[in-house]
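Report on the following structure.
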Amino acid sequence: MRYAQFISEVASANIMAHVLETGFEISERDNPNGNPTVIGYNIINGELRSSSDGATFESRNPAWKDDCLGVFPLSTKQDVHDALESARDAFSEWSMTPAPSRGQIIGNMGRLLMEYKDDIVRVETREIGKTLKESAGEVQEAIDTCLFFQSEGRRLYGQTVNSELPDKELFTYRRPLGVCGIINASNFPAAVPFWKMIPAIMCGNTCVWKSPQDSPLLSFMLTRIMHEAGLPNGVINLIHGKGSGAGQFLVDSAEEGLLNKISFTGSTPVGKMIGEVCGRNLVSCSLELGGKNPLVVMPSANIDNAVEGAYWAAFGTAGQRCTSLGNLIIHEDVYDEFMAKFMAKVEETRIGDSLRNEDVLYGPMLSEKYADDFLRDLGMCESDGATKLWGEGLISNENKPTNFLGDASEGVYMWPHVYADVTEGMKCFQEEIFGPVVTVVKAKDFENALHLANASPYGLSSACYTNDRLEAYRFKTGIKAGMTGINNSTTGAEAHLPFGGVKDSGNGTRESGIWVLEAYSYWHAVNDELSGKLQLAQMDVDEIHIEEADVDYSSLA
Ligand code: UN1
């Protein structure tokens, strides 16, 4: 069976249990919607492997909890070590493969993703509940990353540098770091691991990818596609499991000298822990962490446009982006007008399973765990005494907004939430709440708005709606954030722009575009002495003297 046909069946069809030549197995289990359940594996050195102790976990559709997408290995420390060994073994050949050939394989990955896009998109929506439109945007981001880095294989430039000594040449080369541990969250389960692994392998590194616990089927499919594209065995090794299990074992291996890099996207507390482990072992690490992204609305803004941007940034993806809107900061002169229009949209929000309903803004939470954490963190808004304008927690059939579509008991859906009268001192102003909620703050003037935009510990994304050019300039120069939208929402990174944050949002590393290359390579400086003798830099350099000239410059003044 062709791989494309397999993916298509996983995405939609009702198929019998059988082992496919691609290595996928479908279990006998009956799902309520007739979708198949895959028996999934780790992929180590190109081989499909169960966990060493046989333990498994399930991936369930958060829009339809009875729909089980697959059963996957709960990886042990031994499995993680096997994957690291495979990556270590593959390193020397892969790093010696000419960069344009590595780029060619990466280009093939992009082309295969294009070919299978519709089916991958449906699996992503089935596995984490994103709308089809958003899943398609995300898979496109992974494709864009492949196409960008295909051609980087024909650059990956170093420099020629002039020497201060004659008959001597200086050069710089990008060298790979070695084995990279990749850990990402399930909210961007295709784009974010590709942001990491594609530049990593472009630079000649090999990877162990700890797949997110809530999107193992998608990770399994993507890894198979990478191999189908011509990736040699062992260059990318996939291990499934929990953050506290396989993820922690991968981090621990930095203590044991088994890896050379960790790239992590996730929460700030976990990022700080990883940064500590890497720091004390001098292991390179990239950290893309939380955000409490501010969006400022000034009186000169096009208010309708600002409402659209804020509404999307707050509730698109059910607020589960690290770039989602956190603090909505509105100038007092337009507060009432803005809020009236904003709340009208919030109250009309269409929510439901995108596989079964058209035009929903958002679907379920990524999983039950994300739902539980969201409800716990919403408690901050209540205990801070913020004024609740909208939102009733978990959607049920007895407690649902007007435009909720479907049977609420099937999945884990949340109301959109709006809390007003939020002030800088409140915990709900300071801390990220991952889900559909926005905290609204009133600003007296531009200086106050900019101050508030900078007042949380985070600095990932930010936005300002204004038609005053000086204000836009002051926002750009005064905000402390890795990314800023002017008259745009807080989301919307593109595959060739640097992505990342400052303050508690990361350690300053960047993903995407040419900038990410710094995170997966080190600079190697080489000097080539052609003179046949020892010439000492600084010491054997000819002295050049200033000639005394008998000119009276003052006579020209
Ligand atoms: C994330 O939430 O970790 O700009 C990534 C955006 C997306 C990427 C988000 N392109 O919102």
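The values are calculated or read from the model by the stated rules, or taken from the named source; none is laboratory data. What you see is a predicted model; the values in this text were computed from it and never measured. Please note: Cβ atoms are built from the backbone with ideal geometry, for glycine as well, and neighbour counts cover all protein chains shown. Ligands, DNA and RNA are stripped out before the accessible areas are found, and what is left, the full protein with its side chains, is counted by its heavy atoms. Shrake-Rupley method; radii C 1.70, N 1.55, O 1.52, S 1.80 Å.
Regarding the range 400-413, can at least one residue be identified that is open to solvent by 60 Å² or more (accessible area, probe 1.4 Å) and part of a strand (DSSP E or B)?
Checking the range 400-413: not a single residue is open to solvent by 60 Å² or more (accessible area, probe 1.4 Å) and part of a strand (DSSP E or B).
Output the number of the condition that SER456 fails; it satisfies all remaining conditions of (1) farther than 19 Å from MET298 by Cα; (2) among the hydroxyl-bearing types (Ser, Thr, Tyr); (3) in a strand (DSSP E or B).
Just one mismatch for SER456, condition (3).
List every residue pair whose Cβ atoms sit under 7 Å apart, with the two residues 6 or more apart in sequence or on different chains, where the first one lies in the range 227-247 and is open to solvent by 20 Å² or more (accessible area, probe 1.4 Å) and the second, anywhere, is among the β-branched types (Val, Ile, Thr) and at pLDDT 95 or above.
Pairs found: GLY230/ILE105.
Is it fair to say ASN467 is assigned to a loop (DSSP other than H, G, I, E, B) and more than 16 Å from the ligand (Cβ to nearest atom)?
Taking the combined requirement at face value, the residue satisfies it.
State all residues of the range 427-453 that are more than 26 Å from ALA344 (Cβ to Cβ), outside any helix (DSSP H, G or I) and either in contact with a helix residue (DSSP H, G or I) (Cβ under 8 Å, 6 or more places away or on another chain) or open to solvent by less than 20 Å² (accessible area, probe 1.4 Å) (or both); if no residue qualifies, say none.
Selection gives GLU431, GLU432.
Could you count how many residues in the range 355-392 are in contact with a strand residue (DSSP E or B) (Cβ under 7 Å, 6 or more places away or on another chain), open to solvent by 10 Å² or more (accessible area, probe 1.4 Å) and closer than 22 Å to PRO212 by Cα?
Qualifying residue count for the region: 1.
For the range 309-354, name all the residues that are within 16 Å of the ligand (Cβ to nearest atom) and open to solvent by 60 Å² or more (accessible area, probe 1.4 Å). If you could, list the steps in order and put the result at the bottom.
So in the range 309-354, the residues within 16 Å of the ligand (Cβ to nearest atom) come out as 309-326.
If the condition is that a residue be within 16 Å of the ligand (Cβ to nearest atom) and open to solvent by 60 Å² or more (accessible area, probe 1.4 Å), then TRP312 is the only one that fits.
From LEU112, LEU170, which residue is closer than 30 Å to ASP82 by Cβ, open to solvent by 10 Å² or more (accessible area, probe 1.4 Å) and touching an Asp or Glu at 6+ places or on another chain (Cβ under 8 Å)?
Exactly one of LEU112, LEU170 is closer than 30 Å to ASP82 by Cβ, open to solvent by 10 Å² or more (accessible area, probe 1.4 Å) and touching an Asp or Glu at 6+ places or on another chain (Cβ under 8 Å), namely LEU112.
Taking the condition among the aliphatic types (A, V, I, L, M) and more than 18 Å from the chain's Cα centre (by Cα), does LEU328 pass?
Yes, satisfied.
List every residue pair whose Cβ atoms sit under 6 Å apart, with the two residues 6 or more apart in sequence or on different chains, where the first one lies in the range 182-193 and is in contact (Cβ under 8 Å) with a residue 60 or more places away in the chain and farther than 9 Å from SER211 by Cα and the second, anywhere, is near the ligand (Cβ under 6 Å from one of its atoms) and assigned to a strand (DSSP E or B).
VAL192/THR265
Somewhere in the range 76-83, is a residue crowded, with 19+ Cβ neighbours inside 10 Å and not in a helix (DSSP H, G or I)?
yes
Condition check ((1) under 26 Å from GLN248 (Cα atoms); (2) within 16 Å of the ligand (Cβ to nearest atom); (3) in a loop (DSSP other than H, G, I, E, B); (4) modelled with pLDDT of 95 or more) across all residues:
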site: PHE264; (1), (2), (3), (4): yes, yes, no, yes
site: GLY275; (1), (2), (3), (4): yes, no, no, yes
site: SER286; (1), (2), (3), (4): yes, yes, no, yes
site: VAL307; (1), (2), (3), (4): no, no, no, yes
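So which residues in the range 245-262 are under 15 Å from LEU177 (Cβ atoms) and part of a helix (DSSP H, G or I)? If you could, list the steps in order and put the result at the bottom.
Our first condition is that a residue be under 15 Å from LEU177 (Cβ atoms); within the range 245-262, this holds for 253-254, 257-262.
Passing the criteria: SER253, ALA254.
Kindly indicate whether any position in the range 509-518 is within 16 Å of the ligand (Cβ to nearest atom), closer than 18 Å to SER324 by Cβ and either of a type in the set (A, V, I, L, M) or in contact with a helix residue (DSSP H, G or I) (Cβ under 9 Å, 6 or more places away or on another chain) (or both).
Yes, some residue in the range 509-518 is within 16 Å of the ligand (Cβ to nearest atom), closer than 18 Å to SER324 by Cβ and either of a type in the set (A, V, I, L, M) or in contact with a helix residue (DSSP H, G or I) (Cβ under 9 Å, 6 or more places away or on another chain) (or both).
Which ranges mark the helices (runs of 4 or more DSSP H) fully within the range 127-243 that have 1 or more residues being away from the ligand (no atom under 16 Å from the Cβ), in the same structural domain as LYS65 (by TED's automatic domain parsing) and under 25 Å from TYR362 (Cα atoms)?
The qualifying helices (runs of 4 or more DSSP H) are 132-152, 216-228.
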